[in-house]
Amino acid sequence: MQRSGALSLPHSRIPRSAHHSIKPSLSHSHSHSLCKSRLQVFLCPKSSLSSILGFHPILHFLFFFFFFSLTTKRKSCREREREREREREMGALFNEELPVAQEFNMHWSHDRRFLKHVHDNVHGNIFIDPLCLKFVDTEQFQRLRDLKQLGLTNLVYPGAVHSRFEHSLGVYWLAGEAVRRLRMYQGSELDIDNFDVQTVKLAGLLHDVGHGPFSHLFEREFLPKVINGCEWSHEQMSVNMVDYIVDEHAIEIDSDTVKKVKEMIVASSKISGAHRSNEKCFLYDIVANGRNGVDVDKFDYIARDCRACGLGCNFQFQRLMENMRAMGDEICYPAKECQYLTDFCYISSSGTYVMPSFLLIFHSIWPDLTIYKLFTTRADLYRTVYTHAKVKAMELMLVEALIKADSYLQISSHILTPAEYWKLDDTILKTIETAPDEELKESRNLILRIRRRDLYQKATGVTLKEGDVAVSNVKIDLTRGKDNPLESIKFFKDFESEDKFSIPDDRISHLLPASFQDRIVRVYSKKPELVEAVSEAFENFQLKTYGIKAQVHETPDKKKRRR
């Protein structure tokens, strides 16, 4: 008689030494005996070899059958449990009812099976959610591919050919990462939900969708000279463009989401706007921080521009994003200080970190130097790249070419409506250059001079006649004009502390500059024969006004090449 539950197999197919290895369940002893029976292939007589080989296919079939059934069952259970967990999260995050399409987009915005995978040369792999992808796949957003991030800078730094398109994707990704970290570390405290995550990411994606051609030249140099009292801004055009894209492409998105996205886009220029009365005000400082200038927009363009121009970048935005913390209505950063002295310090009624006078000779508070490197790296980029003397000379020539072509091409009229504005990009340069129209002859000649490197020559200082020279006024600061940007940033002692404070200049470092803004005035001579006259006039102006007669720099004469 055979016991119930035992495997019923012909005894003639099983060697005597293998009888004890057959068990009714797939236990550890079963696997051990299985290995033992396999070893017997080499130890048993030749007559029993055929019986062992005849037994193995059945055992393998039973083993894999039970293993496959068990694995499939566990996998289906895990999937059901994961789906229940996702439903519980969605129920907890959405207290108010949302449109079906909006809820679907938010629901799957974290499931990478439904995300567009893009490889970025700065941030690596980034993922675009379905709702944001609807905006990306429009001709209005794709226009950003034809807007160089740095305008004409690529004519001096050949690698600077990146566009507003990849910058916008980078800001989208960093904005999502920033709010994700805040949600991870302070989710229950801040009550950040999927709606907040989606709006911040959309604001990062669309913050430059209304940007003009040739970097900021179109907005700051061209428009003021052709339209008197022009108050046009690319931030406001971005807001108008968001509405236009939603209507033109019938994108299903909640009106509250659109409203909040537009508020975040213009937050840098309207820091005292209506959003300050709303809760979660810190969300408005992630993409465009008008409070102190520390935002993911700067994080991306500083890292991207340094990489494209081949310059070193000692600023690590990852440290700031990992350590930032929302306190009250603003985002704060950790202050680095000596632990053994901080117990003696206190915070004054004005919110300033104060140390007793007897300790000042031993200690100086050092904020996270990463923040200071953010501002100094930006200033270095302005000094060496954005305001390069040759770049500014070409920009002056391009502005003049656009002004001369405006009456014929009606370039400035494109800013009136988004329907016309999105058709304007950097290709206007090639349009003027290749057009045969006589009305564009002067503009064509100026562009031809840029191509042939026959640029305006810098002679420093002032003008002789308005038509003979071009003046470039350059301002370089640390984002806060004449003020120290560190004064507007709040810090916290450690992650256990509930207090935020500012750090005075004399408690930071004696290496901080005395001035936080540089102003440079460059005068370019349009005609080479007038360079000496302009230089002499500038020196006389200096002597009369400031009591000095010194020329900082002038364009050297080009040596004639031997043929």
Check your understanding: Looking at the range 391-414, is at least one residue outside any helix (DSSP H, G or I), out of contact with any Lys or Arg (no Cβ under 7 Å at 6 or more places or on another chain), among the polar types (S, T, N, Q) and surrounded by fewer than 18 Cβ atoms within 10 Å (Cβ to Cβ)?
Key -> yes
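Residues being in contact with a strand residue (DSSP E or B) (Cβ under 7 Å, 6 or more places away or on another chain) and either crowded, with 21+ Cβ neighbours inside 10 Å or among the polar types (S, T, N, Q) (or both): count how many of those fall in the range 127-143.
Number of matching residues: 1.
Please enumerate the residues belonging to the range 386-395 that are touching a Ser or Thr at 6+ places or on another chain (Cβ under 6 Å) and of a type outside the set (Lys, Arg).
Residues of the range 386-395 touching a Ser or Thr at 6+ places or on another chain (Cβ under 6 Å): 391-392.
Correct list: VAL391 only.
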Point to revise | Tabulated pairs, the range 296-318, first without any contact (Cβ under 8 Å) to a residue 24 or more places away in the chain, second assigned to a loop (DSSP other than H, G, I, E, B), C-beta under 9 angstrom, 6+ apart or interchain | key: none
**Study point:** Subset of the range 193-229 (residues that are of a type in the set (Lys, Arg) and within 29 Å of LEU396 (Cα to Cα))
**Key:** ARG220, LYS225
Review point. Is it fair to say ALA435 is small (Gly, Ala, Ser) and crowded, with 19+ Cβ neighbours inside 10 Å?
Key: no
Check your understanding: How about the range 192-219: which of its residues are part of a helix (DSSP H, G or I), over 29 Å from MET327 (Cβ atoms) and of a type outside the set (Phe, Trp, Tyr)?
Key -> LEU217, GLU219
Practice item. Only residues that are in a helix (DSSP H, G or I) and of a type in the set (Ser, Thr, Tyr): list them for the range 220-247, please. Key: SER238, TYR244
Practice item. Pull up the range 183-238, narrow it to residues that are touching a residue at least 24 places away in the same chain (Cβ under 8 Å) and among the polar types (S, T, N, Q), then point me to the one that is nearest to VAL161 (Cα to Cα). Key: SER215
Study note, to complete from the structure: Of the residues in the range 144-192, those that are of a type in the set (Gly, Ala, Ser) and either modelled with pLDDT under 95 or crowded, with 16+ Cβ neighbours inside 10 Å (or both) come to GLY151, ALA160, SER163, SER168, GLY170, ALA175, GLY176, ALA178, GLY187, SER188
Study note, to complete from the structure: From the option list ASN292, ASN278, single residue qualifying as over 25 Å from TYR386 (Cβ atoms), polar (S, T, N, Q) and either within 19 Å of the chain's Cα centre (by Cα) or at pLDDT below 95 (or both) is ASN278
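The values are calculated or read from the model by the stated rules, or taken from the named source; none is laboratory data. Keep in mind that what you see is a predicted model, and the values were worked out from it rather than measured. Every residue, glycine as well, gets a Cβ built from its backbone with ideal geometry; the counts of neighbours run over all protein chains shown.
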